[in-house]
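Novice: Okay, here's the structure, questions in a sec.
The values are calculated or read from the model by the stated rules, or taken from the named source; none is laboratory data. Note that this is a predicted model, so its numbers are computed, not measured. Because the Cβ atoms are built from the backbone with ideal geometry, glycine has one as well, and the counts that use them run over all protein chains shown. Side chains included, ligands, DNA and RNA excluded: accessible areas come from the protein's heavy atoms. Shrake-Rupley method; radii C 1.70, N 1.55, O 1.52, S 1.80 Å.
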Amino acid sequence: MIATDATIGSGLYTDFIRSINPEIQVFGKACPLFVPLVEEGLTHDFVTEEIARRYLKELQEKEIDTLILGCTHYPLLRSLIGGVMGDSVQLVNPAYETALSLRRLLTEKGLLSDGLAAAEGKYEFYVSDGAEKFRVFANSILPREIPATQVVDIEKY
């Protein structure tokens, strides 16, 4: 798996995967430069590809079969990472799986949007930190302008 230093250091993914199957070998590789490269919009840049080749060389040598993209920014590099790793490596996007789980939970709780607000262009964005930085980044990747974001204290939840 690839992730930030903190995520790799936490051992969270490794512990969870091994709780499912202790025989699975998990290799973690911190790729800290991916976050600022994505945030700068360099998702298809030769610099990012060179950094990816350097980071992923160690995992290529281990001949892994699956690579977890363990940071919210990394799926934006999916095509580049996939190109470096090759077709024999399955890429896993935990953000997608989380979104599916969230949809199931919202449906169970009767909280899933009917889609009318989205059709009318009514969106609200909440972040735990860096509202302006998020807004600028979101505007670079989303098809609609994000006028504002609100900071919430996640410790209250």
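Novice: Under the rule of at least 5 residues apart or a separate chain, name every residue whose amide H is placed under 5 Å from the amide H of Leu67.
Specialist: Amide H neighbours of Leu67: Gln90, Leu91, Val92.
Novice: Measuring with a 1.4 Å probe in the full set of protein chains, what accessible area per residue, in whole Å², belongs to the chain?
Specialist: Numbers: 10810 Å² over 157 residues.
Here the residues of the chain average 69 Å² of exposed surface.
Novice: Here's something else I'd like to know. Pairs of Cα atoms under 8 Å, at least six residues apart: use those to get the relative contact order of the chain, whole percent. Numbers along the way, then the final one.
Specialist: Values: 146 pairs, mean separation 29.1, N = 157.
Computed value for the chain: 19 percent relative contact order.
Novice: Would you list which lysines come within 16 Å of Lys57, measuring only between C-alpha atoms, while excluding same-chain residues fewer than 8 positions from it?
Specialist: Filter leaves Lys29.
Novice: I would also like to ask the following. What is segment 4-111 by shape, rounded, prolate or oblate, if you read a ≥ b ≥ c off the alpha carbon gyration tensor as root eigenvalues and call it rounded for a/c under 1.5, prolate for a/b larger than b/c, and oblate otherwise?
Specialist: Details: a/c = 1.91, a/b = 1.28, b/c = 1.49.
Here segment 4-111 falls in the oblate category.
Novice: Something else: With a 1.4 Å probe and all protein chains left in place, how much of the accessible area of the chain comes from carbon and sulfur atoms, in whole percent?
Specialist: Details: 5840 of 10810 Å².
Within the chain, the accessible surface is 54 percent carbon and sulfur.
Novice: Between Arg78 and Asp65, with labels modelled 7 Å along Cα→Cβ, what's the label distance in nm to one decimal, could you check?
Specialist: 2.2
Novice: Further question: Between 0 and 90 degrees, rounded to the nearest ten: what's the tilt of helix 131-141 against the longest Cα principal axis of the chain?
Specialist: For helix 131-141, the angle is close to 70 degrees.
Novice: What is the distance in Å between the Cα centres of segment 26-49 and segment 82-157?
Specialist: Rounded to whole Å, the Cα centres lie 20 Å apart.
Novice: Any chance you could run the full-extension gain for Lys133 through Thr98? It's 0.36 nm times the residue separation minus the Cα-Cα distance, nm to one decimal.
Specialist: Values: separation 35, 0.36 × 35 = 12.60 nm, distance 2.31 nm.
Additional length available on full extension: 10.3 nm.
Novice: Also, quick follow-up: By a straight-distance test (C-alpha under 17 Å), which aspartates and glutamates pair with Lys156 as possible cross-link partners, with residues fewer than eight away in the same chain excluded?
Specialist: Asp129
Novice: While we're looking at this one, here's another question. HN-Hα J couplings of segment 62-71 from phi, Karplus 6.51/-1.76/1.60, θ = phi - 60°, integer Hz, Gly and Pro as x?
Specialist: 7, 6, 5, 10, 9, 10, 8, 8, x, 8
Novice: Quick check for me: using +1 on Lys/Arg Cβ and -1 on Asp/Glu Cβ, what's the dipole size of the chain about its Cα centre, in debye to the nearest 20? Let's see the in-between values first.
Specialist: Values: 15 positive and 23 negative charges, 37 e Å.
Dipole magnitude for the chain comes out near 180 debye.
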